[in-house]
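Student: Handing you this structure, nothing more for now.
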Amino acid sequence: MTRPYLGNPKYTIEVLQKYDFVFQKRFGQNFLIDTHVLEKIIDASEITKDDFVLEIGPGIGTMTQYLAETAHEVAAVEIDKALIPILKDTLKEWDNVTVINDDILKVDIRKLALEKNEGRPIKVVANLPYYITTPIIMGLFENHVPMESITIMVQKEVAERMQVGPGTKDYGALSLAVQYYAKPKIVANVPPNCFMPRPKVGSAVIRLDRYKTPPVQVKDEKLMFRIIRASFNQRRKTLVNSLKNSPELNFTKDQIEEAISACGFSLNIRGEALTLQQFAELSNSIN
Ligand code: SAM
């Protein structure tokens, strides 16, 4: 068998049968069975032999084999206990992989990156479990994990949401949060037949390049994101009303109107019309 070998559906089926593996829907388990897609993810992530890579959800180790071939070192965090003996088997030919049996949302990734890569930026690569895409991405950014890029498979609509600007229905809090921290680029669309079992939705690979400094200057990041959340929680209301009604914010109607006017926006404007730059201006003005 030439390495890596698991991208071939025949070997995937062999491994699943050998271990009587039962797919867990609640863990979003859809394993990749297409070598072209795997190669595309590896190419897009631009991993080199100097890189430390964090993989989220290795499954039976299909992409992990590719990552281990390409990177200096790989840490792979998998929640499903049943996959651990399988990973031990499928990754036995590589000595640069550590498998961690844990919930990624509970792992201190910043600490892991600091310990394993001496604080140098890591690369994150994953075919994500779709039910927790947003908390995973936001956790990586908000916890200031030293990170160069994230290359991930996500649901197609979610990839689009991360990339769009104002004036589209997909524009929302996720678009702004991602674009504050990183430059997004969709690199491939992936149909359901590239997975086993097939997901009900289309997928896309997106690469997020972490900014060294954010593209806008904000005095209080947390306040800006509270304003963004409030704006999109009630996106059909005017900005004034959504901010006034938000339980996360404590401003009077007068204060809100004053700040909006000071930015030169109409008092009838809706939050969904504002760019990241304008949200930054508003949060600096209301601050
Ligand atoms: N990387 C594999 C592949 O491409 O074939 C599997 C991808 S599958 C879409 C998602 C993987 O994430 C599954 O192996 C699942 O068990 C794992 N997973 C789900 N929730 C997780 C969590 N909270 N923490 C870590 N892994 C998780």
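The values are calculated or read from the model by the stated rules, or taken from the named source; none is laboratory data. The model shown is predicted, which means the values in this text are computed figures rather than measured ones. Cβ atoms come from the backbone with ideal geometry, glycine included; neighbour counts cover every protein chain shown. These accessible areas exclude ligands, DNA and RNA; they are computed on the full protein's heavy atoms, side chains included. Shrake-Rupley method; radii C 1.70, N 1.55, O 1.52, S 1.80 Å.
Student: Can you tell me how many residues within region 116-138 are away from the ligand (no atom under 14 Å from the Cβ), open to solvent by 20 Å² or more (accessible area, probe 1.4 Å) and in contact with a Pro (Cβ under 9 Å, 6 or more places away or on another chain)?
Tutor: Count: 3.
Student: Please give the number of the condition Thr213 fails out of (1) open to solvent by 70 Å² or more (accessible area, probe 1.4 Å); (2) assigned to a helix (DSSP H, G or I); (3) under 30 Å from Met153 (Cα atoms).
Tutor: The single condition Thr213 does not satisfy is (2).
Student: Can you tell me which residues in region 216-258 are of a type in the set (Ser, Thr, Tyr) and assigned to a loop (DSSP other than H, G, I, E, B)?
Tutor: Thr238, Ser246, Thr252
Student: Among the residues of region 31-56, which ones are within 19 Å of Pro4 (Cβ to Cβ) and in a loop (DSSP other than H, G, I, E, B)?
Tutor: Once the filter is applied, which keeps residues that are within 19 Å of Pro4 (Cβ to Cβ) and in a loop (DSSP other than H, G, I, E, B), region 31-56 yields Ile33, Asp34, Glu46, Ile47, Thr48, Lys49, Asp51.
Student: Can you name every residue in region 33-50 that is near the ligand (Cβ under 10 Å from one of its atoms) and either open to solvent by less than 10 Å² (accessible area, probe 1.4 Å) or outside the structural domain of Pro85 (by TED's automatic domain parsing) (or both)?
Tutor: Within region 33-50, Leu38, Ile41 qualify.
Student: Would you confirm, using the coordinates I've provided, whether Phe232 is farther than 30 Å from Gly59 by Cα and either in contact with a helix residue (DSSP H, G or I) (Cβ under 6 Å, 6 or more places away or on another chain) or open to solvent by less than 60 Å² (accessible area, probe 1.4 Å) (or both)?
Tutor: Here the answer is yes, as Phe232 does meet what is asked.
Student: Considering only region 139-167, state which residues are more than 17 Å from Val205 (Cβ to Cβ) and within 14 Å of the ligand (Cβ to nearest atom).
Tutor: Gly139
Student: Working only within region 51-88, note down all residues that are hydroxyl-bearing (Ser, Thr, Tyr) and either within 7 Å of the ligand (Cβ to nearest atom) or open to solvent by less than 10 Å² (accessible area, probe 1.4 Å) (or both).
Tutor: Those that are hydroxyl-bearing (Ser, Thr, Tyr) and either within 7 Å of the ligand (Cβ to nearest atom) or open to solvent by less than 10 Å² (accessible area, probe 1.4 Å) (or both): Thr62, Thr64.
Student: Quick check on this structure: which one of Val99, Val22 is in a strand (DSSP E or B), open to solvent by 30 Å² or more (accessible area, probe 1.4 Å), assigned by TED's automatic domain parsing to the domain that holds Thr151 and within 14 Å of the ligand (Cβ to nearest atom)?
Tutor: Selected residue: Val99, the only one of Val99, Val22 that is in a strand (DSSP E or B), open to solvent by 30 Å² or more (accessible area, probe 1.4 Å), assigned by TED's automatic domain parsing to the domain that holds Thr151 and within 14 Å of the ligand (Cβ to nearest atom).
Student: Just the residues that are charged (D, E, K, R) and not in a loop (DSSP other than H, G, I, E, B), please, taken from region 189-210.
Tutor: Scanning region 189-210 gives Arg207, Asp209, Arg210.
Student: Taking only region 70-85 into account, find how many residues are in contact with a Lys or Arg (Cβ under 7 Å, 6 or more places away or on another chain) and of a type in the set (Ser, Thr, Tyr).
Tutor: 0
Quick grid of which residues meet (1) surrounded by fewer than 21 Cβ atoms within 10 Å (Cβ to Cβ); (2) within 14 Å of Thr275 (Cα to Cα):
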residue: Ile150; (1), (2): no, no
residue: Lys156; (1), (2): yes, no
residue: Gly165; (1), (2): yes, yes
residue: Gln179; (1), (2): no, yes
residue: Pro184; (1), (2): yes, no
residue: Asn189; (1), (2): yes, no
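Student: Hey, another quick one. For a quick check of your reading of the model, give me the residue pairs whose first member lies in region 124-135 and is of a type in the set (Phe, Trp, Tyr), whose second is within 9 Å of the ligand (Cβ to nearest atom) and assigned to a helix (DSSP H, G or I), with beta-carbon atoms closer than 7 Å and at least 6 apart or on different chains.
Tutor: none
Student: Can you pull out the residues in region 102-115 that are more than 13 Å from the ligand (Cβ to nearest atom) and open to solvent by 70 Å² or more (accessible area, probe 1.4 Å)?
Tutor: The answer is Asp108, Arg110, Lys111, Leu114, Glu115.
Student: Further question on the same structure: If the requirement is being basic (Lys, Arg), at negative phi and modelled with pLDDT under 95, which of these qualifies: Arg235, Arg270?
Tutor: Arg235
Student: What about Ile186, is it assigned to a strand (DSSP E or B), under 12 Å from the mean Cα position of the chain (by Cα) and not assigned by TED's automatic domain parsing to the domain that holds Phe279?
Tutor: no
Student: Restricting to region 167-177, name every residue that is of a type in the set (Gly, Ala, Ser) and surrounded by fewer than 17 Cβ atoms within 10 Å (Cβ to Cβ).
Tutor: Matches in region 167-177: Gly167 only.
Student: Exactly one of (1) at pLDDT below 95; (2) outside the structural domain of Met138 (by TED's automatic domain parsing) is unmet by Ile227. Its number?
Tutor: (1)
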